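Inspection log for the structure reproduced underneath, given as structure tokens.
No value in this document is a laboratory result; all are computed from the given coordinates. These figures come from a predicted structure and were not determined experimentally. Cβ coordinates were reconstructed from backbone atoms using ideal geometry, including for glycine residues, and neighbour counts include every protein chain displayed.
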Amino acid sequence: MSNLQQAQESINSMFEVFARHRRRYALRELRRHANPMELVDLADEIAVRENETLITDIPADEVKRIYMSLSHTHIPKLEEEDLVLYDQEQDSVTLAEQANHIEQHQDFLTIN
């Protein structure tokens, strides 16, 4: 694969990651936390962001839906792209070292 093809694949991959708002929100929240974050806490933060209200005002089933989408779709995709590390035993997520290169794509993380 040529350098150009590799660069195009990398760009396409980043656009695919940033295409989903929950992935952007997850990356942003994980950047704010220096330590691993429990997936349930990440779901809470994303629920607050999506609903623009306090967590106490969000129905539990809504938070559970967000948790499930993170668990089954978004975290696996971010892990596949080497942007996060998921600890199944602890049910926690942390940014991977590879995620440091997303600094250059920071503008995408602030898009709703």
- Task: For residue 38, list long-range residues whose amide hydrogen, built 1.01 Å from N in the peptide plane, is under 5 Å from its own amide hydrogen.
- Result: 93
- If we count other beta carbons within 10 Å of each Cβ, what is the order of 54, 39, fewest first? 54, 39
- Note on the structure: Note to self, the chain gives a 222 nm [θ] from helices alone (DSSP H runs n ≥ 4, -39500 (n - 2.57) apiece, / all residues, nearest 500) of -16000 deg cm²/dmol
- Note on the structure: Most exposed to least, judged by fewest other Cβ atoms within 10 Å, 56, 94, 73 sort to 56, 73, 94
- Share of alpha-carbon pairs per 5 Å distance bin for the chain, given as whole %: 2, 12, 23, 24, 19, 11, 6, 3, 1, 1, 0
- If you rank 1, 37, 68 by fewest surrounding Cβ atoms within 10 Å, what's the result? 1, 68, 37
- Note on the structure: Taking the square root of 5λ for each eigenvalue of the C-alpha gyration tensor of the range 12-68, the equivalent ellipsoid has semi-axes, largest first and in whole angstrom, of 20, 14, 10
- Loop trypsin sites (Lys or Arg not before Pro), the range 1-93, which have at most 15 other Cβ atoms in a 10 Å radius of their Cβ (DSSP): 20
- Task: Round to the nearest 10 and give me the degree value, 0 to 90, for the angle of helix 39-51's Cα axis relative to the longest principal axis of the chain.
- Result: 80
- State, as an integer percentage, the relative contact order of the chain based on alpha-carbon contacts under 8 Å between residues 6 or more apart. 30
- Item | In the range 38-84, the GluC sites (Glu not before Pro) that fall in loop regions by DSSP, at most 11 other Cβ within 10 Å | 52
